Amino acid sequence: MKKAFIILLCALAVFAVVSCKNEPKTEPEPVVEKFTVTFNTGEGGPTVESATVEKGATVAKPTASKEGSYVKGWYTESTYEHEYNFETAVTADITLYAKWADDFDIVRLTATTGVNAGLWSYDKFELHFNEAVAKDDTITVVYRCSRPIEEYNIRTTRNNLTPPDIRWVHESTTGMTISEPDADGWVTATYTFGLSVDRGYNESTGKSDKNVKTIPDTIYSVVDNFNFHFHGTIVATDYIEIKEVRHNDTVMTIDNIAAAATAALKGSGDVVREADKVEKITAGTSAWTGATTFVVQFLDPLDLDSDSNPKGTAAIVASGEPVAEPTALTREGKVFGGWNTKKDGSGDAWTFTTAIEKDTILYAVWTEPTT
């Protein structure tokens with residue numbers, strides 16, 4: 001009996017061992033590292049709940065508001081030096097600081113007159129920044145304009161130049177990146193210095209030269225200011241609003257931008273710039289409606305001194321409306337043949353029932369009299 005009992009115990013033990021071996025092993029759950037993102041809205045600001053984010057994931061941009069203000073951006077330090085990119089992977093605990101636009105947050109530059117005897121081609125708004133830049137530095141400007149911008153350029157210069165005509169101009173034809181307007185009309189223009197040089201530096205003459213497309217690194221070392229130009233068919237009451245300028249990762253203050261716009265007014269004898277005005281405004285006082293009018297210019301190709309100095313007349317037309325037909329021109333020994341979209345008359349003959357949807361230049365057509 002005792003022997004049988006021992007055999008039974010042994011059998012049970014073997015069965016238990018086999019059963020344990022056949023049971024699937026359960027792997028421990030991996031430990032997911034998580035971090036906390038804290039949102040600091042400052043004194044008097046609303047409470048924004050912190051977010052817990054898995055390592056490598058991104059955090060959603062929170063919403064926060066208080067009466068008379070809105071959050072212009074979230075920054076990685078309380079001094080607002082570097083704006084946080086919400087597409088950045090979170091790899092540590094971080095505190096983000098809300099920058100409130102509870103003071104002036106937009107600079108508006110307004111044209112109060114036109115130039116060229118009623119024609120407004122080749123006019124511009126400008127910003128002159130008294131700030132040094134280096135090759136490969138990036139400048140970003142967020143703006144919206146009541147007039148479509150046709151061309152941009154960047155100039156880098158040095159104060160107290162010897163000789164005084166040295167300057168280096170960077171054109172946007174290949175170097176400027178321009179975004180589509182957002183729902184509120186804001187456009188982001190970004191430029192990297194040295195990427196596209198239209199007027200470089202001739203080392204043999206010591207002057208700027210439109211035939212040279214490079215700028216030596218040594219020249220950048222002495223650059224102490226730069227200009228940002230917005231070219232368009234600008235008429236009286238047109239305006240441009242600037243809400244942000246960044247030099248690399250540094251966001252310039254509104255006062256800095258306003259000073260740059262004011263400096264532009266004093267920088268030249270151009271009529272538009274002398275008569276422009278600079279204002280600091282809040283977003284709530286912006287009268288932004290988009291481009292609601294366009295300029296139609298009537299030029300006589302036989303009177304053009306040059307493409308940059310046109311002579312003729314012009315009309316401001318509401319978007320979607322036709323322009324009124326001007327009085328027919330007369331010229332001794334010629335027969336006036338209407339208006340055309342090209343200077344040599346090879347374009348489309350203009351009909352004055354056509355709706356105007358953009359700034360337009362029309363040229364007089366002349367033919368020889370028949371005998």
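The values are calculated or read from the model by the stated rules, or taken from the named source; none is laboratory data. Just so you know, these numbers come straight off a predicted model, no measurement behind them. Counting neighbours? That spans all protein chains shown, and the Cβs are built from the backbone with ideal geometry, glycine included.
For segment 110-152, the set of residues classified as under 24 Å from Trp288 (Cα atoms), of a type in the set (S, T, N, Q), modelled with pLDDT under 75 and touching a strand residue (DSSP E or B) at 6+ places or on another chain (Cβ under 9 Å) consists of Thr112, Ser121, listed by residue number. The residue of segment 312-371 that is nearest to Ser146 (Cα to Cα), among those that are touching a helix residue (DSSP H, G or I) at 6+ places or on another chain (Cβ under 9 Å) and assigned to a loop (DSSP other than H, G, I, E, B), is Lys343.
Filtering segment 353-360 for residues that are surrounded by 15 or more Cβ atoms within 10 Å (Cβ to Cβ), under 36 Å from the mean Cα position of the chain (by Cα) and at pLDDT 90 or above leaves a non-empty set.
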